[in-house]
Amino acid sequence: MTERCKTCVLPTSYSEVTFDSSGTCNLCRQARQPDSPNTPAHLPKQESSELLDLIDKARKQKGPYDCLVPLSGGQDSAYVAYLLARHHNLKILGVNFDNGYRSPLAIANMESISQSLGISLITLKLNSSLLHRLYRHFFASCGYFCTVCNAIGYVTIASFVARQKKITGINPLVAGGWSKKYEYQPGLSVLSMQSFGEILMRDPSLYQGLIEDPLIDPEVLDALIQVGDIRQFCTTEENSRLRLVHLPNHMDWDYRQIAETLQKEFNWQRPDSGKDAHFDCELAPLQDHLKVKRFGFGQMTIKNSVLIRDGHMDRREALNRCKQEQLEEPAILQTILKDWNMDHKDVGWDAKWAE
Ligand SMILES: [Zn+2]
């Protein structure tokens, strides 16, 4: 039986946290301090004034649309689109990066939300053979592949924005639903853009493939793989290469209320299994399995621990949800090994995950 923090559900085996004599982890202790950035009170219930300012400015620009929203078919990005279109009356252009493994639910959700909100949606997909070669290269080199989607997703969307800028003369605001608090996992999260670049360059033909792809702006790719931290690149400043704001960093992101709203407003669908973390991607169970295999726990444990600290979930429910972690090797592994032309032995199971 896993030993866990007495307040949240982080296991004592997690090397990034420390435990006091009462069995409480340092993150929970910090969260109790009134001036801690991790306390729920730190984030305003509604949109922060900084966010409202950005929204106002976006509305005043005289472009073909006010704001670009990357949609994945998952809940967070859908709620961003809903909030900005319905509550702030922004004219939105949705943009979807197709990683080749979008789930049918994600596609249906994107359809229904773009229809209901009356927004146009662009899907960007690199050619499959290049994508598969990229996945194979990363899976073999570091035993992990989500890097491809994260990094190439950024590069593809930033390339799209660069071209839009040339056409419209406007540097559009891009509004996302990524939350550092929920998604970033110290010691488990992979990868700066720089190490992405470093691993990519081990096979120069992949870099060549990317700069020759009509969806990629070579200048954007070069600039992005030179920065250590993607956030240097994505500020809300006017002259930023990607004027990116993530809404969950600017307001309380109450996932229950968000799920209820989406279900009420749209024909929103969730997986029956209750396994709703990243259900937008068919590779998510494998991603989780790789984490569990390596660290003994995955995404569910980290996310639910944050929800407990924020007062959005009680410990009993979190413990129940932790049972959903993917202990078994999921069937999708066989599919992708075939897609990516690999054998089980080609995978870098023990390779160091990039930092
Ligand atoms: Zn804790």
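Please go through (1) within 16 Å of the ligand (Cβ to nearest atom); (2) open to solvent by less than 30 Å² (accessible area, probe 1.4 Å) for Tyr82 and return the number of the only condition it doesn't satisfy.
Of the numbered conditions (1) within 16 Å of the ligand (Cβ to nearest atom); (2) open to solvent by less than 30 Å² (accessible area, probe 1.4 Å), the odd one out for Tyr82 is (1).
Right, Asp252: surrounded by 13 or more Cβ atoms within 10 Å (Cβ to Cβ), over 30 Å from Thr335 (Cβ atoms) and within 16 Å of the ligand (Cβ to nearest atom) or not?
So Asp252 fails the test.
Those residues that are without any contact (Cβ under 8 Å) to a residue 40 or more places away in the chain and surrounded by 12 or more Cβ atoms within 10 Å (Cβ to Cβ), I need them from the stretch 332-355; list them, please.
Hits for the stretch 332-355 are Thr335, Leu337.
All but one of (1) in contact with a Leu (Cβ under 6 Å, 6 or more places away or on another chain); (2) at pLDDT 95 or above; (3) buried (at least 17 other Cβ atoms within 10 Å of the Cβ) hold for Ser120; state the number of the condition that does not hold.
With (1) in contact with a Leu (Cβ under 6 Å, 6 or more places away or on another chain); (2) at pLDDT 95 or above; (3) buried (at least 17 other Cβ atoms within 10 Å of the Cβ) applied to Ser120, the lone miss is (3).
Looking at the stretch 206-228, can you tell me whether even one residue there is in contact with a His (Cβ under 6 Å, 6 or more places away or on another chain) and assigned to a loop (DSSP other than H, G, I, E, B)?
no
Which one of the conditions (1) touching a residue at least 24 places away in the same chain (Cβ under 8 Å); (2) surrounded by fewer than 22 Cβ atoms within 10 Å (Cβ to Cβ); (3) within 25 Å of Arg256 (Cα to Cα) does Asn109 fail to meet, given that it meets all the rest?
(2)
Just wondering, is there one or more residues in the stretch 313-331 that are within 16 Å of the ligand (Cβ to nearest atom), surrounded by fewer than 16 Cβ atoms within 10 Å (Cβ to Cβ), touching a residue at least 40 places away in the same chain (Cβ under 8 Å) and not small (Gly, Ala, Ser)?
Scanning the stretch 313-331 turns up at least one residue that is within 16 Å of the ligand (Cβ to nearest atom), surrounded by fewer than 16 Cβ atoms within 10 Å (Cβ to Cβ), touching a residue at least 40 places away in the same chain (Cβ under 8 Å) and not small (Gly, Ala, Ser).
Does the stretch 252-285 hold any residues that are farther than 23 Å from Ala318 by Cβ and touching a helix residue (DSSP H, G or I) at 6+ places or on another chain (Cβ under 7 Å), and which are they?
Across the stretch 252-285, the qualifying residues are Glu265, Phe266, Asn267, Trp268, Gln269, Glu282, Leu283.
Given the conditions (1) closer than 23 Å to Trp178 by Cα; (2) modelled with pLDDT of 90 or more; (3) away from the ligand (no atom under 14 Å from the Cβ), which single one is not true for Lys45?
The number of the failed condition is (2).
If I ask for residues that are within 8 Å of the ligand (Cβ to nearest atom) and at pLDDT 90 or above, which ones from the stretch 8-18 would you list?
Across the stretch 8-18, the qualifying residues are Cys8, Val9, Leu10.
How many residues are open to solvent by 10 Å² or more (accessible area, probe 1.4 Å) and at pLDDT 90 or above when one looks only at the stretch 163-197?
Number satisfying all stated conditions: 10.
Which residues, taken from the stretch 301-355, are under 23 Å from the mean Cα position of the chain (by Cα) and of a type in the set (Lys, Arg)?
Within the stretch 301-355, Lys303, Arg309, Arg321, Lys323, Lys352 qualify.
Here are some residues: Asp98, Asp53, Asp66, Asp76. Which one is open to solvent by less than 70 Å² (accessible area, probe 1.4 Å), more than 14 Å from the ligand (Cβ to nearest atom) and over 30 Å from Trp340 (Cβ atoms)?
None of the others qualify; the one that does is Asp66.
The values are calculated or read from the model by the stated rules, or taken from the named source; none is laboratory data. Note that the structure is a prediction, hence the values are computed from the model and not measured. Heads up, the Cβs are rebuilt from the backbone with ideal geometry, glycines too, and the neighbour counts pull from every protein chain shown. Accessible surface is based on the protein model in full, side chains and every heavy atom, while ligands, DNA and RNA are left aside. Shrake-Rupley method; radii C 1.70, N 1.55, O 1.52, S 1.80 Å.
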